[in-house]
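First comes the structure, then the notes that go with it.
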């Protein structure tokens, strides 16, 4: 087998971010000072890079950027704060804390993310410390919610199979904890833990898994329980697919090398779906996760960040190399993968009774935004529910929310609150809207090239007219939109997707798998709304008349020849 | 005595006028008139009838002076430069008459020379609550102390500058006048108490001084031609306070970000072709327009015809009533003299009652925050013809703003930083005349009448390596933008430290990106900020100063010059007390020694203030 050098490449300099991490004294940098600098609401870029590992990064209100520049004011700097919870499960008390800090320190809204985390937007530098302290007081954390580390571990929300879900969720938490950064920097900076001054002590706190420069890039883990692929397990760097036999969790298939991000115009970058490489028993999970992470740590590209994700590490060397490297590090071999079957990657709404007799209500949350509107007091309704609720809240990977673990006695009370505030399971919406996701994009995201969250609902209004005409209102079609090609809403896996190219302009992709197993493909480049509608109209009409029984939209567009099927990211641009 | 053509040298018409005038004069007015006539007899010329009825001079009749010693000392206590300009003018005239003139700021004057002075002329303005200007304080205190010498050999006269809309109108001038008399000096010209439109009255006073000193010819020309004395700042430019330059607006923008509850205008004006220039620390005088809505409301309340033409002044200039209200008269401030004159026209019982002795408190309460429309509505003045009522009003005064640009860095431009004032009072929306004009009715391409008001009391140190400490919250930061731009342009190497404060960091950090750049480039050494509404604790600049007391003290020890600009009542006093506290705390000084230290700093111009 070919031997590869560690910490590649050696013939080119590592990226500036590598230097920043290496010199950061385990993620400390000069954050203490720059957070205090009273002249600016910003922090320097170097510290912002480190800040990500603490679960936050700097943004500015791009709607105001030009206006403020004229006014001789710096951009309206603010911080996005990401609060993670493995598998997206939080208590009612934690929900109330989030609601409270969103009003006290954020912009008065909460964003549920596609990785089952919370995002607060609009937190000012001066309020970061209090905000993070209150998050930790409520036993949640922002540590490693962003940055070149393992991110929030995703887990299927599985409303039906309560027992299996409980077990899988438990493993998700264990993996997450095992891969948490060990640096005390977070506790020193935000939680006033006594500082480590002695350099030998600093050495002693070394990151046993990550090392002093952490990973070359972010790393994502998700656990799916078939037939639901809500976590989009094939988009993860490392995916686990639960294998349940006779109602019992027997283990997981292991999938490696998924990832969404790419760069417009650079075909060396592409989205990729992960490949299943074998089966493990539950007790082997932590060992596998750690070893896979260390392989990426040692072999990921540290020169070019957009080529640093695990998918490129594998594709550059081949899956066989990965498997044998893993086996060598484990000291044992994976078993042969077990059969599994995914049906869908979307959520199922409304009330469901779990096998443990508890009830769960899946609420449709448009684009994950928890906000009070004039005619829809979602945020207030959820706050009132949290005050009486004794179960849990579950953030779904599709940015929706489950009011979970509701006892039969409590169900009436919750139902009445749902009715009082008109909280919706989305039943009166089109199936397209119920299966829609958009990233945050403008005005806060620095990478956004076009609108997403603020625009997709309007575009769907218009698409619905076409769907109504074609009689497709109740046909589940997965539609996703992002403001840039980094893929936060996992658009490359949707049956229909839009990726921002410039103001009002999108690349339109077709043909993703309804079960989240197949990538989509570019159909139209750089088009505006008018062209989106005019090019989709005939496709919808043909789908309505020509589809076979149960044929999904993503499958139809391939059969009808609109696009080719993409089973491997290396064919995405082909 | 009843004058008649037969028992006096007057014609019948003159006698009748005198008979109407004299019985109504107060004691003070008669004394003043007597002195005035005596003096003018000596000069052989009488100026156009002086309009100084408001000047409440208490004076012995001035005796004509025969052989006056030729030494003259002219002292001024000036905050914005008006008193200084007038003093300079007087000194020039006296020098031209062959006098040996010493012209000095009170702050620079060596008080042990005072007893040798034969002729002393004092020109002083009054601040806020009747206080002397900063740099006049030590001299003022000296003169009022036991150490002040007897001045029996000294002849003197005082000119005060003030604003009749303030309770302690011309108080500093009055104090000097009274004190010099107490010290045995001889008043040779009655004191002049000048209102904001001071040119004419000041010109007359200068004329009286010159004539009282026995040099008639020049005095007559000065007294008769106010314009000759009015332009106190003219240099190469033909433009001045009385002949403002119509400056074109280059830019007019709001410095406060969206969501702020304040509005601060940054206005850039072109001085191209004016010949005007300025130094950091100088001010710009701006003649604003009154609010059109207020003018319309007055027209409606009175029923006046806005298009009717009226005469504006003695020169016979005319304008429509509407234009006169918009451009020529002050209609937003009420003063006691105005009410007295109106009462003479109106015959309104309640108005008369308000002006009775012993009702000073009520009068003050009424004047506070009310304008001409209130006066018209409250006392039913609608029946008074427009020209009669308007002729009682003061001319609209120019507003002075500390210039926020450096002439060297932005040649031919002048920048202003003006906060919009708008509030509700007495049941009606009120507007700051100039700030709202700038904020709401002035666009790029429009012009604004302006002039430069030099201010020698707020200047960067001569030595460019001297450290400076600048304390300027709110729009008080304006001159410091000028200072730093100047120091950048001239490559000055002295350290600089700015304290700035306002309400909210996110929206109210005036000129934030410029300070950031100057900090990055090292032109500005340090900056501390206080935002009072960002937290529960109301943090102001003085709190930041106290937090940095050790370093501040070190800077002061290194010879730093301290500058304070902005609100006097709420800020400058607190800052002053904080400086005292820092000296006590870090310098281990006693309370008195700290006060003395600051007083000395003021005198040495190491502590300069531009407060309002």
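With R₀ fixed at 51 Å, the C-beta to C-beta distance from residue A:3 to residue B:464 puts the FRET efficiency at about 0.15.
Reducing the stretch B:418-475 and the stretch B:349-407 to their Cα centroids gives an inter-centroid distance of 23 Å. Here chain A carries DSSP beta bridges of which approximately 80% are antiparallel, counting only pairs with both residues inside. Ranked by the mean number of other Cβ atoms within 10 Å of their residues, highest first, the peptides B:445-452, A:333-340 come out as B:445-452, A:333-340.
Taking Cα atoms, how many degrees apart are the long axis of helix B:512-521 and the longest axis of chain B, rounded to 10 and kept between 0 and 90? So the inclination is approximately 60 degrees.
How big is D for the stretch B:292-390, in µm² s⁻¹ as a whole number, if Stokes-Einstein is applied with the Kirkwood radius of its Cα pairs at 25 °C and 0.890 mPa s? D = 174 µm²/s.
Would you work out the relative contact order for the stretch B:468-611, in percent, from Cα pairs under 8 angstrom that are 6 or more residues apart? Relative CO of the stretch B:468-611 lands at 25 percent. A Förster radius of 60 Å combined with the Cβ-Cβ distance from residue A:420 to residue B:343 puts the calculated FRET efficiency at roughly 0.35.
So what is the orientation-averaged projected area of the stretch A:463-507, using the convex hull of its C-alpha atoms, in nm²?
3.5
Per residue of B:512-519, other chain Cβ atoms within 10 Å of the residue Cβ number 3 on average. Packing order of peptides A:258-266, B:284-292, highest average first: B:284-292, A:258-266 (average count of other Cβ atoms within 10 Å over each peptide's residues).
Structural size metrics of the stretch A:522-574, computed from C-alpha coordinates, are Rg and Dmax of 12.5, 33 Å.
Note on the stretch B:468-611: percent of Cα-Cα distances in each 10 Å bin, starting at 0 and stopping at the bin with the largest distance, equals 11, 43, 35, 10, 0. Coordinate range of the alpha-carbon atoms in the stretch A:334-438 per principal axis, descending: 53, 33, 23 Å. Stokes-Einstein diffusion of the stretch A:264-380 at 20 °C, 1.002 mPa s viscosity, Kirkwood radius from Cα pairs, rounded to a whole number: 114 µm²/s. Summary of packing: across the peptides B:249-258, A:506-515, B:501-510, A:487-496, the per-residue average of other C-beta atoms within 10 Å ranks them, highest first, as A:487-496, A:506-515, B:501-510, B:249-258. What is the calculated FRET efficiency for residue B:526 to residue A:178, with r their C-beta to C-beta distance and R₀ = 45 Å, to the nearest 0.05? Computed FRET efficiency for residue B:526 and residue A:178: 0.45.
The alpha carbon radius of gyration of chain B, expressed as a multiple of 2.2 N^0.38 Å, is 1.01. For the protein assembly as shown, the orientation-averaged shadow of the C-alpha convex hull comes to 59.2 nm² (one quarter of the hull surface).
For the stretch B:408-487, the Cα gyration tensor yields ellipsoid semi-axes of 31, 18, 10 Å (square root of five times each eigenvalue, largest first, whole Å).
Computed over the stretch B:569-612, the Cα gyration tensor eigenvalues convert (square root of 5λ each) into semi-axes of 18, 13, 7 Å, ordered from largest to smallest. Of all DSSP beta bridges located in chain B, what percent are antiparallel, nearest 5? Around 45 percent of the beta bridges assigned by DSSP in chain B are antiparallel ones. Report, in degrees rounded to the nearest 10, the 0 to 90 angle that the Cα long axis of helix B:591-603 makes with the longest principal axis of chain B. So the helix axis and the longest Cα principal axis differ by about 70 degrees.
Of all beta bridges that DSSP places with both ends in the protein assembly as shown, some 60 percent have antiparallel geometry. The relative contact order of chain A comes to 13 percent, based on Cα pairs under 8 Å that sit 6 or more residues apart. Mean partner shielding of peptide A:73-85, defined as the number of other chain Cβ atoms within 10 Å of each residue Cβ, is 2.
Note down the relative contact order for chain B as a percent, whole number, built from C-alpha pairs under 8 angstrom at least six residues apart. The partial results should precede the final answer.
On the way: 1204 pairs, mean separation 78.2, N = 612.
Normalised by residue count, the contact order of chain B is 13 percent.
For chain A, the direction-averaged projected area of the alpha-carbon convex hull comes to 26.6 nm².
Between residue A:170 and residue B:4, the modelled labels are 12.8 nm apart [label points 7 Å from Cα along Cα→Cβ]. Axis of helix B:478-490 versus longest Cα principal axis of chain B: the two differ by about 60°, to the nearest ten degrees. Per residue of the protein assembly as shown, the DSSP helices (runs of n ≥ 4 H) give a summed -39500 (n - 2.57) that works out to -10000 deg cm²/dmol at 222 nm. Treating the stretch B:68-219 as a set of equal point scatterers at the Cα positions, no solvent, please give the Debye-formula log₁₀ I(q)/I(0) at q = 0.11, 0.20 Å⁻¹. Debye output, listed in q order: -0.36, -1.28. For the stretch B:449-490, the residues whose backbone nitrogen is under 19 Å from a point 7 Å from the Cα of residue B:131, taken along Cα to Cβ, are B:456-459, B:470-477.
Here each label is just a point 7 Å from Cα along the line to Cβ, and for residue B:318 and residue A:328 those points are 10.6 nm apart.
Every read-out reported here was derived from the displayed coordinates using simple, explicitly stated rules and does not represent laboratory data. Since the model is a prediction, treat every value here as computed from it, not as a measurement. Virtual Cβ from ideal backbone geometry, glycine too; neighbours counted across all protein chains shown.
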